[in-house]
């Protein structure tokens, strides 16, 4: 039998197809008992509708899941954009948003707040000595301590490296007390992986001021922090306008220093090291000097810390090494100094961490045809031997080359005697505190006697410094110190006026 166009099933089928086209997959048509061609189409339609319903259901689930994933990824991106991954604190960008908001509130007369910036004084030393893993643990512990002292309404942020910030809602009268509590909390010793760390924190702060923008407010607190960092005793500083003037001056001086290392403004003067018995010059100590074209001579006590802070210390060192070796080589060729006269150069412990330092020095000596035995490097006593032993390896390379390393300012630190046994040293230079008053101070006299005996036992050269009187020289000779440096035994001079060797 042929299907009729008037068959009601055809109309039902058309209606069902139209509903399905709009996304309604719930339609189900009941086949008739005829089991004809139209019923076959109805059965096929039902199967298609069920399949589409299943597929669209899965698609809805995928859309929901994907939407959740996108929302989660968006939240993760927001967290990454506005938080520090190591500590979980707000980052600089997020802090900036809070500072803008707080300054807007202050401009409307709402309660004031203070911005604190803090920095760890010895974080680089911690990293160099114990490794970056322990450094990260220190930063996390500092974070936990800050979070214990702040409220939920305050904002703690990590600005980068070992520098943190706290935005705290309090007025100017409460800020000093809060800063003192914060300093006491953060300065407590911490034990991390069985290592005792004394963090040492410097804090600067500035009150909110509606006339400032966020960057200026942060600059004020940061400037106060650097003032605290410079201070030996006052490790909390409130911002004052003169600090900013000094910081601008300092920035200009750093810019001048950057130019100076490329010119002859950085030069060496030379202080003779003499035999106390014969007055013969045994060596010259090269000392860095900066002749500023406008400000005149700037002492190393000022420009060396600037070089460290600005990352220019390697450039200053390179200039000093090159100039001093050039001078010394020239003196040897001209006969102004004896063949066995030595050059003493100060180096920072950072140089000892550079793998190529010893090889570069050997290359310089080879070019100038200067024997390695004529060079002595002086390293200031302190905690400069890190766990990985990089400094020790460099010192051993230097010894293999024939370059001696002396420990400078010996006796100024508590770890001196341990270093004598650990390091491949050629000698020690006594700290000036041991020389000062040696002619009358009985305790110093006995301490120095013990040091000289120990140096003799270890076959170490022993040089006294800051010898200013004949009485000091006589007392040192009586104790067995045969070599000295100081204005009593010889004044410093520039290359053009090298003092003649005596004896």
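Give me 406, 284, 82 sorted ascending by neighbouring Cβ count inside 10 Å, so fewest comes first.
Working: 406 20, 284 29, 82 16.
If I rank by nearby Cβ atoms, fewest first, I get 82, 406, 284.
Distance from a point 7 Å along Cα→Cβ of residue 350 to each backbone N in region 238-269: keep the residues under 14 Å and list them by number.
Inside the label zone: 258.
Share of antiparallel DSSP beta bridges in region 250-497, in percent to the nearest 5? Don't skip to the end; give the middle numbers.
Details: 17 of 39 bridges.
Rounded to the nearest five, the antiparallel share is 45 percent.
Tell me, how many Å apart are the Cα centres for region 202-225 and for region 294-350?
38 Å
Can you put 56, 270 in order, fewest other beta carbons within 10 Å first? Each step should come with its number before you reach the end.
On the way: 56 12, 270 26.
Placing the least packed residue first, the sequence is 56, 270.
Measuring from the lowest to the highest alpha carbon on each principal axis, how far does region 92-239 reach, largest first, in angstroms?
Principal-axis extents of the Cα atoms in region 92-239, largest first: 51, 29, 23 Å.
Between 0 and 90 degrees, rounded to the nearest ten: what's the tilt of helix 175-186 against the longest Cα principal axis of the chain?
Here the helix axis deviates by roughly 80 degrees.
Mind checking the angle between helix 241-260 and the chain's longest principal axis? C-alpha axes, 0 to 90 degrees, to the nearest 10.
70 degrees
If I stretch the segment between residue 367 and residue 70 completely, what's the gain in nm (0.36 nm per residue apart, minus their alpha carbon distance), one decimal?
Numbers: separation 297, 0.36 × 297 = 106.92 nm, distance 6.32 nm.
Length gained between residue 367 and residue 70: 100.6 nm.
What distance in nm separates the two pseudo spin-label positions at residue 330 and residue 14, each 7 Å out from Cα along the beta-carbon direction?
Result for the modelled spin labels: 10.9 nm.
Order 20-32, 148-160 from most to least packed using the mean count of other Cβ atoms within 10 Å.
Result, highest mean Cβ count within 10 Å first: 148-160, 20-32.
With runs of 4+ DSSP H residues as the only contributors, calculate the mean residue ellipticity of the chain at 222 nm using -39,500 (n - 2.57) per run, divided by the residue total and rounded to the nearest 500. Before the final figure, lay out each step's value.
On the way: 17 runs with 249 residues, N = 503.
About -16000 deg cm²/dmol.
If packing is taken as the average count of other Cβ atoms within 10 Å, what order do 100-112, 129-141 fall into, highest mean first?
On the way: 100-112: 13.9, 129-141: 16.5.
Going by the mean number of other Cβ atoms within 10 Å, highest first, we get 129-141, 100-112.
Specify the angular offset, from 0 to 90 degrees and rounded to the nearest 10, of the alpha carbon long axis of helix 300-310 from the longest principal axis of the alpha carbons in the chain.
20 degrees
Which ordering of 124, 11 is given by a fewest-first count of other beta-carbon atoms within 10 Å? Working shown, then result.
Details: 124 14, 11 11.
Neighbour counts put them in this order, fewest first: 11, 124.
Need one number: % antiparallel among DSSP beta bridges in the chain, to the nearest 5. Don't jump to the answer; show the numbers that get you there.
Working: 39 of 65 bridges.
Antiparallel: roughly 60 percent of the beta bridges in the chain.
What is the calculated FRET efficiency for residue 248 to residue 144, with r their C-beta to C-beta distance and R₀ = 41 Å, to the nearest 0.05?
0.70
Note down the Stokes-Einstein diffusion coefficient of the chain in µm²/s, whole number, using a Kirkwood radius over alpha carbon pairs, 25 °C, and 0.890 mPa s. If you can, show how the numbers build up before the last one.
Values: Rh = 28.9 Å.
The calculation lands on 85 µm²/s.
We did not get these values from a lab; they are worked out from the coordinates using the rules stated. The model shown is predicted, which means the values in this text are computed figures rather than measured ones. Quick reminder, even Gly has a Cβ in these numbers, built from the backbone with ideal geometry, and neighbours come from all protein chains shown.
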